[in-house]
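Here the structure comes first, spelled out in structure tokens, and everything after it is commentary.
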Amino acid sequence: MTTICNEHFEGERPLFESHHLRLQQVTIGDGESAIKECSDIEAEDCHFWGKYPFWHVHGFKINRCRFDAGARSALWYSDNLRMTNTRIDGPKMFREMHDIYLENVVINDADETFWRCRDIEANNLVLHEGTYPFMFCENVKVKHLKSDSKYVFQYCKNVEIDQAHIVTKDSFWECENVTITNSVLDGEYLAWHSKNVRLVNCHLAGEQLLCYADHLVLENCTFDKACDRVFEYSDVHADIRGHIENIKNPSSGHIVADSIGSITIDENVKQPANCHIHTRE
């Protein structure tokens, strides 16, 4: 493997079609597509300023690096990435990629990040600002996630999340096969039009949560006191600990809670309209 250390590159495609290359303390300045159509690349303690540095890269490791705001759309159409201890300040990262492992990564502009990616595993991930991270992703496992980005995890399949704190709006819409454990989910319109969503040991906050859901399961979950109009038009099986303020028009299933403020079942409830709702004895 060739090593380049303490160098500065800029312009158009300075390292195009490089293979078996290690970059140490390298700066990629103004320009485009610095590391394109490459394979077996390692970057450590590097700083990326220019646009689109890693496109069509197959097999690469990134450690202790920084992607400046100008290094937008930095990682597209690539695979087999291991990224650790890295800070990303640019938007639109990770597009049309697969086989991604992240650890101790902070993304300060998560706008349109992780679009149409699959086979993602992440540990200690921070998403800040921006909209629609993880759009159309499949086979995602995330542990220790902190996010205040809007509209996270839309149209995703096969997602496992553990120990997350997510503050958002319209999250997990039209998702399928999602399990979230030991987490806090704060935001309106959680998991509408979803299928096979399971929440375990989670605390939920926001209004009109979990509506239009099919095969929705809650185990040992709690609700913020301001939650209302929950479970409308959903097929739900829920074990709620503590109090839930309002349940509205669930279509089927079984809901039990320690206490319930009110239940709204009106002429708009959808068939079979046979959800069994009661407080715990």
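The values are calculated or read from the model by the stated rules, or taken from the named source; none is laboratory data. If you're wondering where the values come from, they're calculated on a predicted model, not measured in any experiment. Note that each Cβ is placed from the backbone with ideal geometry, even for glycine, and that neighbours are counted across all protein chains shown. Side chains are part of the model used for accessible areas, which takes the heavy atoms of the whole protein and leaves out ligands, DNA and RNA. Shrake-Rupley method; radii C 1.70, N 1.55, O 1.52, S 1.80 Å.
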Q) For segment 32-131, what is Rg from Cα atoms divided by 2.2 N^0.38 Å, rounded to two decimals? A) 0.92
Q | Extension gain (nm, one decimal) between Lys195 and His278, 0.36 nm per residue minus Cα-Cα | A | 27.5 nm
Q.
My understanding is that a pair violates if its Cα-Cα distance is over 19 Å; which of Lys51/Lys141; Lys143/Lys195; Lys36/Lys61 do that in this structure?
A. Lys51/Lys141; Lys143/Lys195
Q: For every other residue with a beta carbon closer than 14 angstrom to the beta carbon of Asp111, add +1 if it is Lys or Arg and -1 if Asp or Glu, then tell me the sum.
A: -1
**Q.** Neighbour net charge for Ala43 - beta-carbon separation under 10 angstrom, K R +1, D E -1
**A.** 0
Q: Tally up the carbon and sulfur contribution to the accessible surface of segment 96-243 as a whole percent, 1.4 Å probe, everything protein left in place.
A: 43
Q. So if R0 is 35 Å, what FRET efficiency would His56 and Cys5 give, r being the distance between their Cβ atoms, rounded to the nearest 0.05?
A. 0.90
Q: Report the calculated FRET efficiency for Ile265 and Arg87 (r = Cβ-Cβ distance, R0 = 41 Å), to the nearest 0.05.
A: 0.20
Q | Net +/- balance of residues flanking Glu188 in space, Cβ distance below 9 Å, scoring K and R +1, D and E -1 | A | -1
Q.
Can you give me the long-range amide H partners of Glu176? Hydrogens built in the peptide plane at 1.01 Å from N, cutoff under 5 Å, separation of 5 or more residues or another chain.
A. Cys156, Lys157, Asn158, Lys195
Q: Decide, for segment 186-281, between rounded, prolate and oblate: order the square roots of the alpha carbon gyration tensor eigenvalues as a ≥ b ≥ c, take rounded if a/c falls under 1.5, and otherwise choose prolate if a/b is larger than b/c, else oblate.
A: rounded
(Q) Let's test the formula: R0 of 30 Å, r as the Cβ-Cβ distance of Glu160 and Asp239. What FRET efficiency results, to the nearest 0.05? (A) 0.90
Q: Please check which bits of segment 32-58 a label hung off His20 would reach, taking the label as a point 7 Å along Cα-to-C-beta and the cut-off as backbone N under 15 Å.
A: 39-42
Q: On each of the three principal axes of the Cα atoms of the chain, give max minus min coordinate, whole Å, ordered largest first.
A: 69, 27, 26
Q: Could you size up the charge dipole of segment 203-259 around its Cα centre, putting +1 on the beta carbon of Lys and Arg and -1 on that of Asp and Glu, and report it in debye to the nearest 20?
A: 80
Q: Please list the non-local residues whose amide H lies under 5 Å from the amide H of Glu207, H modeled 1.01 Å from N, same-chain partners needing a gap of 5 or more.
A: Glu188, Tyr189
Q: State in Å² the accessible area per residue of the chain; use a 1.4 Å probe, count heavy atoms of protein chains only, and round to the nearest integer.
A: 43
Q | Rounded to whole Hz, the Karplus (6.51, -1.76, 1.60) HN-Hα couplings of segment 106-114, x for glycine and proline | A | 10, 10, 8, 9, 8, 4, 6, 8, 6
Q: In a Gaussian network model over the chain where Cα atoms closer than 10 Å are linked, find which of Gln208, Gln154, Gln24 has the largest mean-square fluctuation.
A: Gln24
